[in-house]
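Read the structure below first, then the notes.
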Amino acid sequence: MTTRIRTHNLGFPRMGANRELKRALESTWAGKTAETELLAVARRLRAEHWRLQQAAGIDWIPSNDFSLYDQMLDACRLVGAIPERFRALGTGLEAYFAMARGEPSGSIRAMEMTKWFDTNYHYLVPELEKGQEFHLASTKPFDEFAEALALGIRTVPVLIGPLTFLQLAKTSGAKFNRFGLMARLVPVYAEALRRLREAGAEWVQLDEPAFALDLDAAALAAARDAYAALRTAAPGLRILLATYFGGLGDNLSAVCRLPVDALHVDAVRAPAELDRWLAELPSTMALSLGVVDGRNVWKNDYDASLDLLRRAQAALGSERLLVSPSCSLLHVPHGLDREVRLDAEIKSWLAFAREKLAEVAELARLMGPQGDAEALSRNRTVAARRRRHPQVRVAAVRNRLAAVAADDLRRKNPYAVRWARQQARLRLPSLPTTTIGSFPQTADVRAARARFRKGETTAADYERFREAETAACVRWQEEIGLDVLVHGEFERTDMVEYFGEQLAGFVFTENGWVQSYGSRCVKPPIIFGDVARPRPMTVRWSTYAQSLTLKPMKAMLTGPITILQWSFVRNDQPRRDTAWQIALALRDEVRDLEAAGLPIVQIDEPALREGLPLRRADWRAYLDWAGQAFRLASSGVRDDTQIHTHMCYCEFDDVMDDIAALDADVISIEASRSGMELLKTFATFRYPNGVGPGVWDIHSPRVPPMGEMLGLLCAAQAVIPRDQLWVNPDCGLKTRQWKEVEPALRNLVEAARAARN
Ligand code: GLN
Ligand code: ZN
């Protein structure tokens, strides 16, 4: 008799359907909610999420996937990897939140935060030192397992695996081999597994997404030792090793030889690896096949998933096969039920976390002896409707994309020629000063927007308000003597949303929140169709701002890669095609700005680097099409139109050639936070065009004195030729207050003047 294959979920979004956790956290931090109330909210959410997974028909339901802040921070706590500076704060929530956010008085710096693989989720980076000791320092996994068990649900507790923990940590102090710490770390994991077994766990899920990365021999050897030791740690407790975010590639054989009882693989990112998984999986191991995309919002293609599942079933039998999402559902919104304004047709193409659980269960049913002909045909009908939707494939957009020629991807003349023409037009002093675009989004600005959205003010009133803000901002920039002005971006909320709302092919949800870090959530737009620009998007505000001044005004656009990276992207064509469609729309915008008399256009690409694939071998292809997308957007202009770009995050060393190849006339780049660490790069890499390494770290409320910025400028002049050097903050000023911006920018202008002499 064939049994139904089992269903497995790796993790569920934590925030709650109405972001209850966010509210409780923020109100606790503000001192308005007691810690016990926060913990009660968290407990209610966990119970609710376990129950809904059970009701959806999930057999293996995770626990300890919940976190009050971040799962890596929880892992640090579990193994007692608490950096020295927090130890005086004790072991309670106060210390926990201090690690995440810094000690409230500002005297203890928070742990560093960085992106979790290629997601937009940020984790706290473990800090390890030479001779690091570990000990079991938290009972969270045991407590949450017991909590679920009390509700009658025997969960699969989830822990970050020891390899991933060490691989993602940063080492401080004297240089040492991080994997040398494995022998000390493993006993703590062993103890945790024993405790879970004692509590009644039958399976534990160890998350090892690190296997989707390029690993060296030391990492693989450490993993082998770790799992050999863990195998015997807790007799009776079986280990599920979860990999995701990519195929296993050259790590595949090593992974399949680990002595674990089940392996989870990401069959959305690496369906082509199926045959190798099936061939190399030992007969003692079960396979959880992640066929439902945990990274995107589209309904599953059942035919494609069933094909993979059936091939796996033929090789393994039903007993050894599980069906699952490709990774934790942390990276998709909670559920679709609250989307009432979304276009009904497009909504029918989507699946958020709750709907994805239903898909996993439905796929298991479809694999069973009875099948479910109706569910399958429903799924096919929706897929066919999506394919044929007139906005999904727009002939004009496709023809234009197909006609892109090499000449569209480069400026007509080299930088030196352009520079001379731009200089003749702009007449900028040496070391020109500018900003990155946004000025403070004050409470007034936000309140005016809210009033307009609620229908409390007329469009005309709101327009006048924004004009007044823009005019005041332009006047002030003139007054303090900045050389290249901006309009301030008061009409924008978010740098991607603002463009998505004006482009065809995008939809927005009301409640499609995804955790970014801690209590912070983002609501990415969904790119569902071919992208086109029905009408100019920014020309009105940029020309208005230019009309107020004789100084050059710099128009502001968000680049194609950043729009792509910060959206849910359609899965029915390569990302490159979507990026190029966006680029073509932006190209038209750039040209319209030029025609309207704007002498400078900045195209922000803060997300260019974060789009890099996890594997080095895939970098080249990405950097090629991504760079071409930028050039497609930016190259349609005359020589005397100056193109700027802006990037944040400091590690650019390994992609400097590609950034230079964008051929922007000027790049402004984050630098001040790392004490101009970036300048080391410029010392060895001769950047060909204009460059403004940020001299003011806008991420901090601190106002840098003029002498400090002058010092940075002098340091910059040692490695960047003076006639290429620009003077600017390191990012937009949106999150700052005027009381910081005013003195800081005055100091910046002073510093530039002093440096000129
Ligand atoms: N022009 C944008 C701003 O100033 C750039 C934002 C960013 O780099 N993230 O806000
Ligand atoms: Zn920035």
Legend entry - Distance violations [Cα-Cα > 19 Å] among Lys347/Lys523; Lys130/Lys175; Lys115/Lys299: Lys115/Lys299
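Roughly how large, in nm² to one decimal, is the mean projection of the convex hull of the alpha-carbon atoms in region 1-69?
Numbers: hull surface 20.1 nm².
Average of the hull's projected areas for region 1-69 equals 5.0 nm².
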Legend entry - Fraction in percent of alpha-carbon pairs per bin - 20 Å, the chain: 16, 47, 32, 5, 0
Legend entry - Exposure proxy ranking, count of Cβ atoms within 10 Å, fewest first, for Asp653, Asp604, Asp639: Asp653, Asp639, Asp604
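Just the number, please: Stokes-Einstein D of region 388-534 in µm²/s, Kirkwood Rh from C-alpha pairs, 10 °C, 1.306 mPa s. List each step's numbers first, then the result.
Working: Rh = 19.5 Å.
Using the Kirkwood radius from Cα pairs, D works out to 81 µm²/s.
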Legend entry - For Thr493, Thr232, Thr509, order by how many other beta-carbon atoms lie within 10 Å, fewest first: Thr232, Thr493, Thr509
Inset, instruction - Order by neighbour count: Met556, Met537, fewest other Cβ atoms within 10 Å first, most last. - result: Met537, Met556
Inset, instruction - Kindly flag which residue pairs out of Lys454/Lys734; Lys356/Lys734; Lys554/Lys680 have an alpha-carbon separation exceeding 26 Å in this structure. - result: Lys356/Lys734; Lys554/Lys680
Inset, instruction - Mind putting a number on the dipole of the chain about its Cα centre? Charges go on the C-beta only, +1 for Lys and Arg and -1 for Asp and Glu, and I need it in Debye to the nearest 20. - result: 680
Legend entry - For region 524-575 and region 187-228, distance of Cα centres in Å: 45
Legend entry - Proximal lysines relative to Lys32, as straight alpha-carbon distance under 19 Å, when same-chain residues fewer than 8 apart are discounted: Lys22
Legend entry - Dipole moment magnitude, nearest 20 debye, region 657-757 about Cα centre, only Lys, Arg, Asp, Glu C-beta charged: 360
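Per DSSP H run of n ≥ 4, the term is -39500 (n - 2.57); total these for the chain, divide by its residue number, and report the mean residue ellipticity at 222 nm rounded to 500 deg cm²/dmol. Could the numbers behind the result be given before it?
Numbers: 27 runs with 317 residues, N = 757.
Computed mean residue ellipticity for the chain: -13000 deg cm²/dmol.
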Inset, instruction - Relative to the longest principal axis of the C-alpha atoms of the chain, give the angle of the C-alpha long axis of helix 140-150, reported between 0 and 90° and rounded to the nearest 10°. - result: 50
Legend entry - Acute angle (nearest 10 degrees) that the helix 353-367 long axis makes with the longest principal axis of the chain, alpha-carbon atoms: 40
Inset, instruction - For region 696-757 and region 21-46, compute the distance between their C-alpha centroids and round to whole Å. - result: 40
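Can you give me the orientation-averaged projected area of the convex hull built on the Cα atoms of region 520-613, in nm²? Walk me through the intermediate numbers first.
Values: hull surface 29.7 nm².
Mean shadow area of the hull around the Cα atoms is 7.4 nm².
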Legend entry - D (Stokes-Einstein, µm²/s), Kirkwood Cα radius, region 454-590, 0.890 mPa s at 25 °C: 147
Legend entry - Residues whose placed amide H lies under 5 Å from that of Val292, excluding near-sequence neighbours: Ser324, Ser326
Inset, instruction - Return P(r) of region 160-291 (all Cα-Cα pairs; 10 Å bins starting at 0; whole %; ordered from short to long distances). - result: 12, 44, 33, 10, 1
Legend entry - Normalised convex hull volume, region 559-658, alpha-carbon set, Å³ per residue: 105
Legend entry - Between 0 and 90°, nearest 10: helix 706-719 axis offset from the chain longest Cα axis: 80
Legend entry - Computed P(r) (all Cα pairs; region 337-379; 5 Å bins; percent): 5, 19, 25, 21, 15, 9, 4, 1
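A short reminder: the numbers here are calculations on the coordinates, not readings from a lab. The structure displayed is predicted, hence computed values, not measured ones. Here Cβ is always computed from backbone atoms with ideal geometry, including for glycine, and neighbour counts include all displayed protein chains.
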